[in-house]
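The values are calculated or read from the model by the stated rules, or taken from the named source; none is laboratory data. These figures come from a predicted structure and were not determined experimentally. As a convention, Cβ positions derive from the backbone with ideal geometry for all residues, glycine included, and neighbour counts pool all protein chains shown. Accessible surface is based on the protein model in full, side chains and every heavy atom, while ligands, DNA and RNA are left aside. Shrake-Rupley method; radii C 1.70, N 1.55, O 1.52, S 1.80 Å.
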Amino acid sequence: MATLPIVQYEDKIIETVENNSITVIIGETGSGKSTQLSQMLHRRGYSKIAVTQPRRVAAVSVSRRVAQELGVQLGEEVGYAIRFEDRTSHNTRIKYLTDGVLLRESLADPELNDYSVIILDEAHERSLNTDILMGLMKRLVKHRSSNLKVLITSATLDGDKVSKFFRDCPVLNIPGKLYPVEVLYSKERPVSYLDAALKTALGIGFADIHVRQPEGDILIFMTGQEDIEKLVSKLEDKVRALDEGSCMDAIIIPLHGSLPPELQASISLLFFYKFIRFLETSKDSVLLHGFGKKMTEVRVFSPPPPDCRRIIVATNIAETSLTVDGVVYVIDSGYVKQRQYNPSSRMYSLDVVQISKVQANQRAGRAGRTRPGKCYRLYPSQIYHDEFLDVTVPEIQRSSLAGSVLYLKSLDLPDIDILKFDFLDSPSSESLQDALKQLYLIDAIDENGAITSIGRKMAELPLEPSLSRTLMEANNYGCITEALTVAAMLSTESALLPGKSKTEEKRKRPISDLPDGSGLGDHIQLLQIYERWHQTDYDIGWCKDHGLQRYGVAGGHCSPSTASHIGGAAKAVTMTDKKTANSGAAWSGYERHLKNLEIPVRGMMFARDVQPLDIKANGKGEEFRRDYRNLRKALCVGYANQLSERKMHHNGYRTLGLQGQVVQVHPSSALSSDEHGKFPDYVVYHELIATPRPFMRNVCSVEMKWVIPIINKLNTLNVKKLSGGGMDHVEEESERNIPDLPKKNVEVAASVDDSESRIQAARERFLARKANKVEKEGIVEVKKENNVNKTP
DNA sequence: GAGCACTGC
């Protein structure tokens, strides 16, 4: 350990921390900051130190390392806390935790008095949670009664900005321990960076590593699965075409998030001694569990044979999350795929964007971990210097902020206006207003922007606001079990997802095998699929037979039933139930959680008692299809901010509460049309995605009478009031697409909830007026009809 | 009739 560069700086670091409440540490990769800073401060006598990490694996692996260095048992003096897992005790003095966990802790104790030091590690990655924590830390050092020391670690390019944010706090530079990496630029930007990468690795391009350079693996950064697969097959062709004996052999390895987790894990385990021994001793091919299929890509596991070079083609997963040892050459396309949120249309899109300088340097650094390396940038240096942003656009400027704003509101920070919250990089006022409007529509804040009792309870649930609102409403309607399953299916990576079935497979297995959501939409379908799977006692074979994918959970060592309900309940359970050993425990944990919130639980059942099916008997020997009325009603309340109305003459929809956004039901949806080929008049949707055509993904059919109170609310929405005067330039709202229901009709409809006929009458008047309006406004809309999504 | 960067409570 004595060789770590940071050790020489110990005195300087301690001195700076003692004299300042906030210190910025610029520590390059390999400086040892993640493992050493906490130990130094511990030695100095600070009572309890928290170190946040943006990723779970990092929290676990770094804490394990520190426990080892200190010769203590993990979970005692040194421990970690991540979702579902708290390995700390009352003895714990150094605690590694994800930034999200620290945010949750601060909900229980806003002053975080348990800690004398808080270190926000990897702050340059600008994760949403770390950004919020930075704002909170700035307040906390000023307001907290007991002494608090805060350390922020960041990248070179970001240090001054962070220091300025924290009132010119001191910045310490700690050199890294990477080997030098020579950076080579191409003369101009290639027409096709796929071909350029190919040439650089194997061809006769501006460099050709494989034939001319000494041994060492090559890591190529591409944007996505499709490009990776194309490049892999081209590389394989080329390698095969190389003259035997003219150069060393090469194996090509794709690496991206959609690969089975087992395959990914194998990469990081590749050089794990035991594992290699295991492979050497078992001559048989390795059988991967999970899909029950024999993987042919055993080569991924094998260490490269002598005189063989690995070429790894990866997404940015290899930038931070996965480290592949043995890499000496990096080829950087200069691009990354990023998910962006547009608050004015509430749409997400996945765009290929130029990386930042920090990212480019991070990628280059991957070449210098074991010995001096080379990084080939497929773009000119002038583009790097002039066009690349210094730092990645922070997540807070690319996401919907409803959840974060609700969280901040629930903290009840004195004398703080959420819209003036001091962020290192503020989100746009448009984005904050969007969050407020959404929260108002789902009753989390009142018309003056103050958090409601419903909102307070929602904030306690670690779910996106729409889903936490749905759960609360479902509890009132006695369908909490079902709602929980839906929430879990939508919010977990371990959900059962309809896999991409090739046309071939489709013919073999008629879709009718799978529940169809009773035609009511995707939420219902997800519920039915889960229930069906539950009936098979969580049989993996059943998933396989139905073309469903079950993604692994937290390291992949869960039994199917835990997986399902970790996927299921536990996601919604928060930390109340720390040892989610089985689904029953998770559900009772959730029940406890609701009780803590003083929400009486009605109709609660354990997962194993779940009975409801899409077909039910009525006791007279007849069967009828369930209409999931209560669940859909709850979804309608929860998704009041994500509601669409069908257009008059076709199956296109218009979002309500937004400026006339025209969207379609996603073709993969389970929603079915009526006998006239029409979709339901109203649906709620889980998200809008802006592919070339805008789609609603995951929709659920809802009824007119449930929608009326929402339309009412939209009519009274006043952003100025919601912002509590915090916005200086709030534009007058003109929500042109709010249906213009006359007050009288609304009142009638709303007060006589059960009078179907009167509601029907109101609806007919409304639709008639709408038709009239369409005629007056012109033919544009009618013309569109031909293009639009007609259901068979 | 279309498309899956990566995290996290």
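Brief remarks on what is shown
- Whichever residue in the range A:374-390 is surrounded by fewer than 20 Cβ atoms within 10 Å (Cβ to Cβ) and in a loop (DSSP other than H, G, I, E, B) and, among such residues, is farthest from DNA strand B (Cβ to nearest atom): A:P380
- Within the range A:286-326, the set of residues being more than 25 Å from A:A59 (Cβ to Cβ), modelled with pLDDT of 50 or more and more than 16 Å from DNA strand B (Cβ to nearest atom) comprises A:P303, A:P304, A:P305, A:P306, A:D307, A:C308, A:R309, A:R310, A:I311, A:G326.
- Filter result (surrounded by fewer than 21 Cβ atoms within 10 Å (Cβ to Cβ) and of a type in the set (V, I, T)) within the range A:447-475: A:T452, A:I454
- When A:Y384 is tested against (1) farther than 30 Å from A:I312 by Cβ; (2) touching a residue at least 60 places away in the same chain (Cβ under 8 Å), exactly one condition is not met: (1).
- Tally, over the range A:89-107, of residues that are open to solvent by 40 Å² or more (accessible area, probe 1.4 Å) and within 16 Å of DNA strand B (Cβ to nearest atom): 2
- Residues (more than 21 Å from the chain's Cα centre (by Cα) and within 15 Å of DNA strand B (Cβ to nearest atom)) located in the range A:108-131: A:A108, A:D109, A:L112
- Filtering the range A:52-74 to residues that are surrounded by fewer than 22 Cβ atoms within 10 Å (Cβ to Cβ), within 16 Å of DNA strand B (Cβ to nearest atom) and assigned to a helix (DSSP H, G or I) leaves A:R56, A:V57, A:A58, A:V60, A:S61, A:V62, A:R64.
- Inspection of the range A:466-489 identifies no residue that is part of a loop (DSSP other than H, G, I, E, B) and within 16 Å of DNA strand B (Cβ to nearest atom).
- 3 or more residues under 30 Å from A:Q36 (Cβ atoms) and at pLDDT 90 or above: qualifying helices (runs of 4 or more DSSP H) within the range A:154-255: A:159-165
- Hits in the range A:669-719 (condition: over 13 Å from A:C636 (Cβ atoms) and more than 31 Å from the chain's Cα centre (by Cα)): A:S673, A:D674, A:E675, A:H676, A:G677, A:K678, A:N712, A:N715, A:T716
- Of the criteria (1) at pLDDT below 75; (2) on the phi > 0 side of the Ramachandran plot, which one A:R507 fails: (2)
- The residues of the range A:17-45 that are more than 29 Å from A:E319 (Cα to Cα) and among the polar types (S, T, N, Q), listed by number, are A:N19, A:N20, A:S21.
- Residue under evaluation A:L413, criteria (1) under 19 Å from A:N129 (Cα atoms); (2) within 21 Å of the chain's Cα centre (by Cα), criterion not met: (2)
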